[in-house]
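Bear in mind that the values in this text are calculations on the coordinates, not laboratory data. Being a predicted model, the structure only gives us computed values, none of them experimental. Backbone-built Cβ (ideal geometry, glycine too); neighbour counts: all protein chains shown.
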Amino acid sequence: MRVEGLSKAFRLPHEQVHTLKERALHPMRRQRFERLQALEGVSFDVGRGESFGIVGRNGSGKSTLMKCLAGIYRADRGDMWLRGRMAPFIELGVGFNPDLTARDNVLINAVMLGVSPAQARERYDSIIAFAELEDFQDLKLKNYSSGMQVRLAFSVMVHVDADLLLIDEVLAVGDAAFQQKCYDVLNRAKDEGRTILLVTHDMSQVQRFCDRALLLERGKVVALDDSRTIARGYTQLNFPTTDVSATVRAITESDGGDGGAEILEAWTQDPEGNRTPTLEQGHPCALVMRVRITRPTQEPVFGFSLTDEQHRRVLVVTTEWDDRTTGGYDAGELVNVAVSFDNWFAPGRYHLTPHVAYPGAGGQLMAVRESVTSVVVTGSRTGGGIVDVPHDFVWNTVSPDPAAA
Amino acid sequence: MTTSAPGTAPPPAYRVTGPSAVSGDPRRLWNLARTLAATDWKVRFFGSVLGYVWSLLRPLLLFGILYVVFSEIVDVGAGAVAYPVQLLAAMVLFFFVSEVTGSALTSLVDRETLVRKVGFPRVVVPLSVWLIGLANLALNAIVLVVFVVLQDVEPRWSWLLVPIPVALIAVGALGTGMLLSALYVRFRDVKPIWEVVLQAAFYATPILYPVERVIEASQTLATVLMANPLAALIQETRHLLIGPGVPSAGEAIGGTALLAIPAAILVALTAAGVWRFARTAPTAAEDL
């Protein structure tokens, strides 16, 4: 499959003129259109038997691309070539009629997807069996639960044999067991050497199935790479790194402590020392604060804490616990304090709270800035816990205890 | 990015050209049209006790009413040969045209979900409507045969020619249906306009009255009425069914040469339908 320089624009009329009267009353008024460039010069190749993902944010042109490929929209420019038979699944259960029985609906749906009526009748039994709906065959579709309808539709889809499967986010439906079934089917199709094109914004699906992926943004190809790299790029796209100044605000006044010190600003930085509001999981990073000492101080304690979106404290570090001597400072002195560590936090947003305290038990605060800035940890793999620390599994078979025998 | 080195030939594969009125495998087109028509047919009688019997019973009852009203109570057809058969033959054909064009008109919009979600030759949509119309026409024809037998119309060789005007009517109805369905995507006022046009055509066509009445009144008026291809074809069908007692379309219009007018209109209408539909088909999914 090859796509070359595909472009597609939609004309969005400002006022929909649907009647002749409107035309007749305002013959001189040119209809005003807004051009929406949905796709611009999109090119890519997909090899036989490859699983290819198309990812992008809402409105990035994924579905338009899909519909061009499926022959629903006509492209303005560019060429598309296909080899083999394609089955597009833009939506499950196309053509389903609620007043008809499962049998009739299977027939309609299969024919819509390109199966001949004779083949559809032949495969009907196995379609029903796969959907586990043998007991409900003669029920009208409107009496089916939505889950049953989806199962039926998916089962039809599975029984349409095509060399190229075009799937548009249909896997997002259904319960966990059903999704697992979808995955199994996809994996089998992959093993059988079919080409799969998956349009989604679920990165875990992309990583799970796709060898390569394409990242679309505003109708343009932003990146085309192996799916892991794309998944990472996508996460960063969702939390743009461009606007650093807005996220890392300069602090003009302390809102805590006795004023012995003033935290001017705080930020996060990458291993190269650049300020960034996003940190990649698994890489070194640093939390930094800039402090102005307002009263002469000996051994002040600098500390940072991070809380996640659920207000759970996930990290607290202070110079005191680390038994670090910080030295003495005169009034007016500026200090940059940084703590660096490998970032193993689960992907998500974290709030940074820096503080400066007097040494010793009690630890009266000189300054604190509650949630002064936030940082987004990007990453595509997470076990679901708060942290994803590097780990290693070890297993060995333990021989039965001779004493117990 | 794609590495398509200059000089590499595109793969020997087919090209995706986007939707159109007619494209791809003709078998798929036929399968789709047939399946859609069959489904609609089933849904139509969904929930009725008599089911398919209605498709025969309904025209039988309707024709019965018309027969009673127009031949027993209001004697419009006094003097006309086998008036009930004339009336029913014309009714059957007019019903067919009004059913096909009326439902073809909204068909693309009614099938919106399909058009927006699946790539298929768009002509399937009006075609399926047309197939249902043809099936109904065939059933009504059976009812008509019953009336023909009851009325003791003599069998004649010209009956073999009846399929010709009927086929022309069918082609014209499909062409008009395609035109209307394509226009309706953009202009929703086509629907009320067409309803009025059909109503006017019903009275401007010799259906309830024999064409002789019009000729007696004014040959010019008869010529004008017969310029309507539907009127000419219906009149010709009546003539072929009943025989020389009923004027043929050529006689009614006032000279066989004048039949060129309805013929030209029929061709123009059908061609306009095909042309307009072919133009609308590629963008129908976006414009709906």
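Structure values in brief
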quantity: Selection from B:Ala217, B:Gly245, B:Phe202, by position along the positive dipole direction of chain B (Cβ); calculated: B:Phe202
quantity: Distant-in-sequence amide H partners of A:Ala223 (H built 1.01 Å from N, under 5 Å); calculated: A:Leu215
quantity: Ordering of A:63-69, B:242-248, B:218-224 by burial proxy (mean other Cβ atoms within 10 Å per residue, highest first); calculated: A:63-69, B:242-248, B:218-224
quantity: Label-to-label distance, nm, for residues given as B:Val145 and B:Lys42 (7 Å Cα→Cβ offset); calculated: 2.8 nm
quantity: Least to most buried among B:Arg111, A:Arg212 (fewest other Cβ within 10 Å first); calculated: A:Arg212, B:Arg111
quantity: Residue order, fewest to most surrounding Cβ atoms within 10 angstrom, among B:Ile253, B:Ile169; calculated: B:Ile169, B:Ile253
quantity: Estimated inter-spin distance, A:Asp226 and B:Val22, nm [label 7 Å along Cα→Cβ]; calculated: 5.1 nm
quantity: Listed residues A:Met289, B:Phe277, A:Ser116: farthest to the positive end of the dipole of the protein assembly as shown (Cβ charges); calculated: B:Phe277
quantity: Cα Rg over Rh - chain B, Kirkwood; calculated: 1.06
quantity: Point-charge dipole on Cβ atoms (K/R +1, D/E -1) for the range A:273-321, about Cα centre, debye to 20; calculated: 260 debye
quantity: Per-selection Kirkwood Rh - the range A:285-363 (Cα, Å, 1 d.p.); calculated: 13.7 Å
quantity: Set B:Lys117/B:Lys191; A:Lys62/A:Lys140; A:Lys62/A:Lys181; A:Lys190/B:Lys117; A:Lys62/A:Lys142 screened for pairs whose C-alpha atoms are more than 29 Å apart; calculated: A:Lys62/A:Lys140; A:Lys62/A:Lys142
quantity: Simple spin-label estimate for A:Arg324 and A:Thr382 in nanometres, 7 Å along Cα-Cβ; calculated: 2.7 nm
quantity: Spatially proximal aspartates and glutamates relative to A:Lys220 (Cα-Cα < 13 Å; intrachain offsets below 8 disregarded); calculated: A:Glu4, A:Glu40
quantity: HN-Hα J in Hz across the range A:79-96 - Karplus 6.51, -1.76, 1.60, θ = phi - 60°, x for Gly and Pro; calculated: 10, 9, 10, 10, 10, x, 8, 10, 10, x, 10, 7, 8, 7, x, 5, x, 4
quantity: Cα Rg over Rh - the range A:328-401, Kirkwood; calculated: 1.21
quantity: Charge dipole magnitude, Cβ of K and R +1, D and E -1 - the range A:61-124, Cα centre, debye nearest 20; calculated: 240 debye
quantity: For a label point 7 Å along the Cα-to-beta-carbon line of B:Arg156, residues of the range B:86-121 with backbone N under 16 Å; calculated: B:86-87, B:89-90
quantity: Descending principal axes extents, the protein assembly as shown, alpha-carbon based, whole Å; calculated: 126, 84, 59
quantity: Exposure proxy order (Cβ contacts within 10 Å, fewest to most) of B:Val81, B:Val123; calculated: B:Val81, B:Val123
quantity: Where only C-alpha atoms are counted, convex hull volume of the range B:208-280 per residue in Å³; calculated: 98 Å³
quantity: Distance from the range B:189-259 to the range B:32-106 (C-alpha centre basis), Å; calculated: 19 Å
quantity: Residue-averaged 222 nm ellipticity for chain B, from DSSP H runs of 4+ at -39500 (n - 2.57), nearest 500; calculated: -22000 deg cm²/dmol
quantity: Length-normalised contact order for chain B - Cα pairs under 8 Å, 6+ apart - percent; calculated: 26 percent
quantity: From phi via Karplus (6.51, -1.76, 1.60), per-residue ³J(HN,Hα) for the range A:97-114 in Hz, x at Gly/Pro; calculated: 10, x, 8, 10, 7, 4, 4, 5, 5, 4, 4, 4, 4, 5, 5, 4, 8, x
